[in-house]
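In what follows, a single structure is set out as structure tokens and then discussed.
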Amino acid sequence: MKYISTRQRQETDIKTAILKGLADDGGLFMPEYIPKLDSDFFENLPNLTLQEIGFRVAKEFLGDSISDDNLKQIINEVLNFEIPAVKISENIYSLELFHGPTMAFKDVGARFMARMMSYFSEGKPMKVIAATSGDTGSAVASGFFDVPGIEVFILYPKGKVSPLQEKQLTTWGGNIKALEIDGTFDDCQALAKQILSDEELNQKFTLTSANSINIARLIPQSFYYFWAFAQLQKLGKPIVFSVPSGNFGNLTAGLFAKKMGLPVHQFIASTNENDVIPKFLVTGNYEAKPSKQTISNAMDVGNPSNFERMKSLFNDDVTEFRKEIESYSFSDKETEIAMQNVKKEYNYILDPHGAVAYLGLEALRSFGKLRTGLAQSDKVSGDFVGVLLETAHPAKFVEVVEEVLNEKIIIPEKLEAFNKKEKKTVEFPADFEVVKQFLMEEKR
Ligand SMILES: *Cc1c(COP(=O)(O)O)cnc(C)c1O
């Protein structure tokens, strides 16, 4: 399988695509085609384990670049936690993606990427650059912590991540360095891109990206769409996934799963007030905007990086987008009310991101047509099983959740451990030259 840049000017193999992250032409790597899984796989799906599914799906993308034994070992290490589909109400399930070490879904992608990079780099020294709006950084740090030869630089926006998220970024030490940037997440993302494409830095170091721009983050995120099906197929109803979206890596992985043959009835791209994609689906015009701060801060993205990948999947045709994706945006107020209602009616605690996804399911069920005017009638039929991707444990956003629900929530031991450690960061203005200077002084 070849990997091709979304900007068409670079073609390479999976090893290079993973080690580079971003293509030389500034584009994102995509497999040259999305492989199809055979009907045996789908017939047998309810009998497979999460790890077996992961291996089968990953194998299609990785081919012979890694032996079956090595790949199986990596998959088993990555997926060593549960991903249950928990029933919230008659037709709504929460796919809990937060049982990994940092308690956010990004553990899945980051752990897989870290292991693949370490496998392909064969011990050569490497610097990993990651911009984060909150959860990426900690998942990446956890995935790479203590991996020999690899040094990780995490850029995060000062004052714009939750206190616990900040602890999860800044308390590792060792091969993990946290750069506190006086700016927004978009500034951090722009800095990361500049670093990765800077000639001088690239001459001195082997640099790579750990953002959702890396194809190794995306591939494993498709596993759990199959796994949700394996768990819920027996209900015998069409399945709709609502994906709380920021950079749209999670959703793009879902689109991969569908193209591989998974019979997903509908995707919902649920966003907070950072509504570039919902607007695009209505108007057909993509207009990046500065990001707005919300209570679902891991989705505060004004220029989603995976839009390029989605465009390439849909041949740059907005009508193709509209066939697969409904998209709605919700205010913080709506999000808070959803959290309160779900707690009151079903005794289930959603984090703010999962709550946005919940609202997406409700919107599709009740007024899909009104919101965009574009939904096909079969899409808005109420008789479907809605799966919301619960992307983080509510305790990661303890301040917001406690205030909204007006009750104390229990902090799991895994998270409490971070709180006890001391923050270590280096502060920077959102200025590429200053950050570059700092990096140039690093050892090779
Ligand atoms: C990163 C993140 C998202 C958004 O995922 P994308 O793949 O960037 O769309 C949603 N929820 C949480 C908790 C996250 O950390």
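What follows draws every value from the coordinates through simple rules; no lab data is involved. Treat the numbers as computed from the prediction; the structure is a model and nothing was measured. Virtual Cβ from ideal backbone geometry, glycine too; neighbours counted across all protein chains shown.
Taking a ≥ b ≥ c as the square roots of the eigenvalues of the Cα gyration tensor, the chain is rounded, since a/c falls below 1.5. For the residue pairs Lys204/Lys396; Lys127/Lys311; Lys234/Lys344; Lys20/Lys408; Lys177/Lys333; Lys87/Lys323, alpha carbon separations beyond 32 Å are given by Lys204/Lys396; Lys20/Lys408; Lys177/Lys333. Its Cα centre serving as origin, the chain has a Cβ charge dipole (Lys and Arg +1, Asp and Glu -1) of approximately 260 debye. Remark: relative contact order (region 133-278) = 17 percent; criterion is Cα-Cα distance under 8 angstrom and separation of 6 or more residues. Stretching Glu77 away from Asp146 to a fully extended chain increases their span by 23.3 nm, per 0.36 nm per residue minus the current alpha-carbon distance.
Seen through its C-alpha gyration tensor, with square-root eigenvalues sorted a ≥ b ≥ c, region 171-295 comes out prolate because a/c lies at 1.5 or above while a/b is bigger than b/c.
How big is the gap, in Å, between the Cα center of region 223-261 and the Cα center of region 1-67? Value for the Cα centre distance between the two parts: 17 Å.
Applying the Karplus relation 6.51 cos²θ - 1.76 cosθ + 1.60 with θ = phi - 60° to region 263-275 yields 3J(HN,Hα) values of x, 6, 6, 6, 9, 10, 8, 9, 10, 7, 6, 7, 10 Hz, where x marks Gly and Pro.
What the Cβ-Cβ distance of Ala288 and Asp24 gives, at R0 = 22 Å and to the nearest 0.05, is a FRET efficiency of 0.45.
Summed over qualifying helices (DSSP H, 4 residues or more, each -39500 (n - 2.57)) and divided by its residue number, the chain shows a 222 nm mean residue ellipticity of -13000 deg cm²/dmol. What the phi angles of region 320-337 give under the Karplus curve with 6.51, -1.76 and 1.60, with θ = phi - 60°, is a coupling list of 5, 3, 5, 5, 9, 10, 9, 9, 9, 10, 9, 7, 4, 4, 4, 4, 4, 5 Hz, glycine and proline written as x. Between Thr184, Thr425, Thr335, the GNM of the chain built on Cα springs shorter than 10 angstrom shows Thr425 fluctuating the most. Only the Cβ atoms of Lys and Arg (+1) and of Asp and Glu (-1) were treated as charged; on that basis the dipole of region 145-304 about its Cα centre amounts to roughly 780 debye. In the chain, a dipole from Cβ-located charges (positive for Lys and Arg, negative for Asp and Glu) runs towards its positive end, and of Ile268, Leu164, Pro394 it is Ile268 whose Cα lies farthest in that direction. Sequence-distant contacts, meaning Cα pairs under 8 Å at least 6 residues apart, place the relative contact order of the chain at 19 percent.
Comparing Phe241, Ala230, Asn211 along the charge dipole axis of region 142-259, the residue lying farthest to the positive side is Ala230, per the Cβ-charge model.
With a Förster radius of 35 Å applied to the C-beta separation of Glu407 and Leu235, the computed FRET efficiency comes to 0.65.
Once a ≥ b ≥ c are taken as the square roots of the eigenvalues of the Cα gyration tensor of region 86-184, is the result rounded (a/c under 1.5), prolate (a/b larger than b/c) or oblate (a/b not larger than b/c)? Because a/c hits 1.5 or more and a/b fails to exceed b/c, region 86-184 counts as oblate. Listed by chain and number, the aspartates and glutamates whose C-alpha is less than 18 Å from the C-alpha of Lys292, apart from same-chain residues fewer than 8 away, are Asp135, Asp182, Asp186, Asp187, Glu273, Asp275, Asp300, Asp332, Glu334, Glu336. Taking GluC sites (Glu not before Pro) across region 379-444, the ones in a DSSP loop with at most 15 further Cβ atoms lying within 10 angstrom of their Cβ are Glu407, Glu422, Glu441, Glu442. Taking GluC sites (Glu not before Pro) across region 33-131, the ones in a DSSP loop with at most 12 further Cβ atoms lying within 10 angstrom of their Cβ are Glu82, Glu90, Glu122. With neighbour counts taken as other beta-carbon atoms within 10 Å, the residues Leu50, Leu389 rank, fewest first, as Leu50, Leu389.
Ranking of Leu415, Leu155 by neighbouring Cβ atoms within 10 Å, starting from the fewest: Leu415, Leu155. When the chain is treated as a Gaussian network with alpha carbon springs shorter than 10 Å, the biggest mean-square fluctuation among Leu350, Leu361, Leu232 belongs to Leu232.
Annotation: the antiparallel percentage among DSSP beta bridges lying fully within region 18-173 is about 45. Think of each Lys and Arg Cβ as +1 and each Asp and Glu Cβ as -1; about the Cα centre, that makes the dipole of region 270-346 roughly 100 debye.
Quick one: of the DSSP bridges fully inside the chain, what percent are antiparallel, nearest 5? Antiparallel bridges: around 20 percent, rounded to the nearest 5.
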